[in-house]
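The values are calculated or read from the model by the stated rules, or taken from the named source; none is laboratory data. The structure presented is a predicted model; accordingly, all values stated were derived computationally and were not measured. All Cβ positions, even for glycine, are placed from backbone atoms using ideal geometry, and neighbour counts span all protein chains on display.
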Amino acid sequence: MNSLKKLLVGAALGAFGVAALSGCSPASGTAAVVNGVVIPDSRIADYSEGCAVVLASQPQLQMTANELRPQMVMWAVLGEMSSQQAEQMGADAPTDAQVRDYMQQLGLGVLLTDERCAQAALGIARSDLIASGLGLQSASYLGAYDVELNPRYGNWDPANLTLAGSGSLSELAQS
């Protein structure tokens, strides 16, 4: 379970390469925009609520949905990047079964027990599998994405593929 906590609290699985950051701010109700594809705040809320339910069964890992929001923004961005890359890869992309097997191998199958959390976890696992499969070429995969993050979540850190800065936590708490 220590690896689960590290995954949830630390950086995303296999954070490789570099992603681009645009200077524009997404519209209200939008958590982020990845290559023009909007990630709505409602998706972040669903992911956060689902993963909070999953973690409620793990006493040492319990976190509220609000505490999980920044992590879920990061997972949603990387999940969208992996979705777009998988579409480009076609038949060479990891299958859903391969991604689920990968989660089980990592001992993170508990994240699949709530459909909302599973969507977030599968996106990040797919990202990890794609980046791992590309090896040294992963920088070109991850650097090909224009990521606009709603400022209330802080800033997108393209070097580490994570959120940076504090954003407005009080605004998040009101969501």
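A search for C-beta distances below 9 Å between a residue of the stretch 109-126 that is within 16 Å of Ala56 (Cα to Cα) and free of Cβ contacts under 8 Å to residues at least 60 places away in the same chain and any residue that is of a type in the set (S, T, N, Q) and assigned to a helix (DSSP H, G or I), counting only pairs 6+ apart in sequence or on different chains, returns Leu112/Gln104.
Within the stretch 54-61, none of the residues are modelled with pLDDT under 55 and over 16 Å from the mean Cα position of the chain (by Cα).
List the number of the failed condition for Cys24; all other conditions in (1) modelled with pLDDT of 90 or more; (2) exposed (fewer than 14 other Cβ atoms within 10 Å of the Cβ) hold. With (1) modelled with pLDDT of 90 or more; (2) exposed (fewer than 14 other Cβ atoms within 10 Å of the Cβ) applied to Cys24, the lone miss is (1).
For Ser127, the conditions (1) among the small types (Gly, Ala, Ser); (2) touching a Ser or Thr at 6+ places or on another chain (Cβ under 9 Å); (3) surrounded by fewer than 20 Cβ atoms within 10 Å (Cβ to Cβ) all hold with the exception of (3).
Out of curiosity, is Val110 in a strand (DSSP E or B) and farther than 18 Å from Leu161 by Cβ? I'd like the intermediate steps shown before the answer.
Numbers: in a strand (DSSP E or B): no; farther than 18 Å from Leu161 by Cβ: yes.
So Val110 does not fit the description; no.
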